[in-house]
Each structure stands twice: as structure tokens, then as C-alpha cells.
1. For a label point 7 Å from the Cα of TYR598 along Cα→C-beta, name the residues of the range 202-234 whose backbone N is under 18 Å from it.
2. Once both labels are modelled 7 Å past Cα along the beta-carbon direction, what's the SER253-CYS476 spacing in nm?
3. Given a 1.4 Å probe and heavy atoms of the protein chains only, how would you sort LYS636, LYS411, LYS84, largest accessible area at the top?
4. Determine the shape class of the range 252-364: with a ≥ b ≥ c the square roots of the Cα gyration tensor eigenvalues, call it rounded for a/c under 1.5, and otherwise prolate if a/b is greater than b/c, oblate otherwise.
5. Given the whole protein assembly as supplied and a 1.4 Å probe, what does the accessible area of PHE608 come to in Å², nearest 10?
6. Taking 20 °C and 1.002 mPa s as the conditions, I'd like the Stokes-Einstein D for the range 170-247 in µm²/s, using the Kirkwood hydrodynamic radius from alpha carbon pairs.
7. Please label the shape of the range 179-300 as rounded, prolate or oblate, based on the square roots a ≥ b ≥ c of the eigenvalues of the alpha-carbon gyration tensor (a/c under 1.5 means rounded; beyond that, a/b larger than b/c means prolate, else oblate).
8. Counting only heavy atoms of the protein chains, get the accessible area per residue of the range 517-593 (1.4 Å probe) and round it to a whole Å² value.
Amino acid sequence: MFAKLKLVILSFCLVSQIRITSSASNGRANTLESVPDLEKAMYLSVDGYPCVRLLNLSGGIGCANPGHAKVIAPIIRFKNADEKLAHLSSAMLELSVDSKDGSVGKIDTLTYFWASNDLNFSSRVAGVLVESVAGYQYKPSGFSPVKKFPQAEFSPYKDSNYEWNPAGSGIMLNRYDFPVFLVSENSTSLLREMAEKNEKQNEAYPLDVAEFDLVMQTTRVGTHNSESCLKGQSCLPLGGYSVWSSLPPINISSMKAPKPILLAVTSMDSASFFRDKSLGADSSVSGMISLLAAVDALSRMDGLNELKKQLVFLVVTGEAWGYLGSRRFLLELDEGSDTTNGLNSTLIEQVLEIGSVGKGLGKGVSTFYAHSQGNSCKNSGSLQESSATTEIMRAFELACDSLGTESIKFKKSNTLNPGVPPSSLMTFMRKNSSTSGIVLEEFDSAFTNNFYHSNLDDICMECALVKKFISPASTCPNHYVGVFLGAPSNSQYPDYADDTSRFVWNFLADRTSTSQNNTSSVCSGECSNAGEVCVGAETESKGICVTSTTRFVPAYSTRLKYEDEIWKVMPAKASDPMGAVDPVWTESFWNTIGLRVYTVQSSDYDHFVLLGGIIVTVASYVAVVVTRAFFKKALKRD
């Protein structure tokens, strides 16, 4: 009997020393000492960029879980458009081509996947995982998720069927009731292995599954357009902050007659199917960098005060979502807002917009095209340009000739074009049809950027100049316009302007200031003297006060008003000709967004484990009862 007692004691000692271990992917054993450790071993979070739910006055676009719960399904690779889904699946799609010459494109599969009207097919899509390939070695020949004529409803001419964007598919403007993620390069390799494992096992258990957490608040509460979701406070309006500056600074208190304005415009925002992958390297950033470079060069010139015209630079945001920045800028001008103090819309004589210019280089020659409404024979049958537009054209030709090289060329756009391409200049023309202006682009009759408003229009770099002025949130900024978290600010130091807006503001304030070497007044916020602004306040060395007319301007729909701590949709004004076609874009709230993968067993296996657990529990209870009785009997004998 004593031997049996010793055996029981040794068994309890052995159980107390057991430590749960699991084999890590690198082959080493990791000790699991807590529930969080166990959860990390079981679930693997996947890095990715989500497609989210956006809304307008007509309904919604983008992606979301179909209901209020997470979506779970086995991972499979969707290889071609002829493939059928046998059951609910997490489908992996490849955003690349099959061969080095690009002759066979998987992009067609992707487009088919989005555009499919097969309800039986779409009902079996639990979620979509779009793969990333390092450096996009086999990049598709073109992928643009917006329309062939982006935002045609805002055009100042009637030919809305013209194809400025031949690569455009329009899939970004559709509604998908399933989650979609662009997966990072590292996670792509892992998910491919899981999909191949599932395929080899003929999708037999155990299976690797993906769990999508992309539940939108608008889905939860049933608000399915911008007006209802703003009322129900389940969304926020798209918007951000544009920036304008003048060279030299405008003396608001001067009694001299103001000069006519030459307004140079560019855009800082972009769009993408995937919210946080809106890089816009060519579609917006190339023009913005070119404008900032021009400001830098002009700031080093003498005699700027003697110019016959006032130079004003405007970098707008929100243009990809209904020309929010340019339309709001003109409205602020009309209303005499503090954000545009010193400017007058009647003084804007010429508008020069710098568009996409990053791909102007070809075969050693950079060719740029000037687009104007008057240059089109489709524009009321007239080839006539205004004298102001002709003046700008002539200035570009002289500047090009002065370079003394054939490697840079300047040309007028094709007269068969219907008018100016999609651009901020459209806003000025819809506001005033007699506006004189041109858009400088890298293309003639159609976009040369085949990745317009897509995640493939990318370039990431770390810039020391940026860090001179601000503390950026990341080295690869996202140029999605963002949302307004509260009331729009008329302050020159808004609480939540994004990295790009803050950098542009600091750069322009520095380069257009009249006292760049003035270090007498160190600042970390507002400056005490009128007309001064604090440049570089975010840096460790703090900023300096300079005299500059540089201002933030809120950029959001002209149909919106913030009142009583809530956004309200207002009727379109007669003074806002584009308001009637304004979609009024908003973005749904969400609690969390997540994507993780793990292995699941069959239900039979789960039932077996449950039964085993019950048996172990009952056996343990019996063992305790027997052990207690044994000890009582042994103690009585002693």
C-alpha cells in the first residue's frame, strides 16, 4: 500500500513540472507560460492594407465584412478567371504578370474577380488577399482602379466618355460586401505556403484559415449613405488641409493697389483601392515636388517686389475625392475667410497647374504638354486662346528655348482633345468659364501613368529636408486625404494636419519668407509679431519666426457644415456649380481592423477533443475522490 502512495505522490510531482511547449517556425522551442503566449502561438497576425467602406449621397463603395461578426474561411489561391470556388474561401489574388514580357496578365483575373456578376460565385467569397511581390518584378502593364475619365461629372465640357485613363477599370467605385486586404511582401510568402498546403491536402483537415475583422460601424447601425451616417455619427467626412503661400509675402495693411495674381497650383493627395497605400508618386507627388522646387529657385532671385504680378502658390488636398481642396479654397475666397486673407478671386488673372510630370522622360528626352481649354477644337468649335493663356504658353516656350538643349521639349496638347484633362483647373473653369489657365502634364491625349490612383504608383524615400521641418509619422507617407475629426480650424496650427500638409506649409513659409536668416526669435508655437509664422516648431531645435504669407485652408465638401458638434449636409448653393454633382464622400467608423491566420481541425476532431476533455475531467474527479479515501484510510491506520 505504501508503494501505491509513493506512486501517486510522484505522479502529482510530475504533473506540476510539466511545461507546455510549441515548436516555433525557426525550429526553436518557445515556452508558453501564459494565455497571451498561447494565443500568439496559435494565431499569427498578418500585415496588410485594408480596403475600407466609403459612402456618398447615393450609397457606399469599398469593402467591409457582410455582417457584424468576423469572417473565417480556408485560404486558397485564385489563379485564373475560369476557376470556380467550391465553397466559402479566402481567395488569394496575384497582382503581377505570368511572364517577363508581360504578355499574360493576372490583372485581368483581378478585374474579373471584382466585376463578376455571378451571385453564386460572389456568395462563396469570404474575403480577398491581394499578394505583394518584392519590387513588383513582374509588374502588370497597367492597373488603375478608377474610371477611364476620372470624376467626369466635374468636367467643364460635355464629352464625358473620353478616355483620359485607358487603364482605368472603375473597380474602386464598386461596393464589395466582403473584406479585402493588400498583404505585405513578408506575409505573402507565408500565406502562399498555407494555400499550397491546403491544396496538397485537397483542402482536408487540418486547414489553414484566414480570419478577417473588417466590420464597419455603418453596417452595424444600418446607415448606408453619407447623409444618414453623418446624422447617426457612424462616419466622418473626407478632408484635410491645403496650403497656400505668396512670393513675396503680401502686405495686408498696404495701401497700394494689389497686383493681379498668377496662381500656381498642384495637388498633394492621391487615392487607391487600399486606403493606406495611396502613394501617388507620379499622379500627384511629382507635380508637388516640381512646384516646391520652382518656389525654392524663385526664392533665391532678387527683385521679386518689382514683378508686375503677385505670385501665389496653392497646394491642394482632397482633389481625388470631388476636388475638395480647390472648391473649398474658392468658397473661402468668396466668403472672405481668415484662411485666405490677402487674396481676392477677382485678381486671379492666370492659373498654372503642374500635374503629373514624373514620367516625362523618355528615350533621353523630356517632353511636357500644355493643356488649355482654348487649345481644343472640340471646345465650342474654337481654337482661340485667351491672351493670358497665350502669354503663359509663350513664357514656357521661351524658357524651354533658353535652356539651349534638345533634351527638354515643350508642346501644346493635341487639338482633338476635348479640353483640359482631369485637374484642379476644372474647378476654376466651372466657377468662371473665362478663367485663363493651362495644365502642364507628361502626356498629350491620354495618361502615360498606367497606375494612376493605384497602390503601384509608388516610391518611398527618407528625406533629410522633411526632417528639417517636421517629425514625420513614417518614412513613406500615405497621401490619402484622411478625415476631419472635429470642427475645421482656421488656425495656422491645426491639431491634426497630416505629414505632407505640415511639410508643405513649413517649406513654403521658409522659402517665401522675407527674412530666412532671422534667428532672433525662437519659437515653439505662435509668434508674437503680426505677419510672422513659426517655421520648424516640431523639430528638436525648435523653430524660428519669419515673415511669410503662408496659410492652411481646410479642404472638405462645400455641401457640409459643422454645427452643434455634428456634420450636416446642406443644399447645393447657386454660387457653387459643382455642388450639385458633389458626392459628399465620407468614411465609415470601425472599432478594429485586423487580419490573422491559424490552423483549424475538423468538427469531428473538436468533438473528440471535447469528449476527451470530459473523460479526463471525470477521471480526475474520480482520482481525487479515490486518493482522498486512500489517505483517510492510511491516516486512520497510523
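1. Taking a point 7 Å out along Cα→Cβ of TYR598, the residues of the range 202-234 whose backbone N falls under 18 Å are 205-215.
2. 4.9
3. Values: LYS636 175, LYS411 95, LYS84 135 Å².
Ranking LYS636, LYS411, LYS84 by accessible area, largest first, yields LYS636, LYS84, LYS411.
4. Oblate shape, in that a/c is at least 1.5 and b/c is the bigger or equal ratio.
5. 140
6. On the way: Rh = 17.1 Å.
Answer from the Stokes-Einstein relation: 126 µm²/s.
7. Details: a/c = 5.85, a/b = 2.03, b/c = 2.88.
Oblate is the answer for the range 179-300, as a/c is 1.5 or above yet b/c matches or exceeds a/b.
8. Values: 3840 Å² over 77 residues.
With the other protein chains kept in place, the range 517-593 gives 50 Å² per residue.
The values are calculated or read from the model by the stated rules, or taken from the named source; none is laboratory data. All values reported here derive from a predicted model rather than from experimental measurement. Note: ideal-geometry Cβ built from the backbone for every residue, glycine included; neighbour counts use all protein chains shown. Side chains included, ligands, DNA and RNA excluded: accessible areas come from the protein's heavy atoms. Shrake-Rupley method; radii C 1.70, N 1.55, O 1.52, S 1.80 Å.
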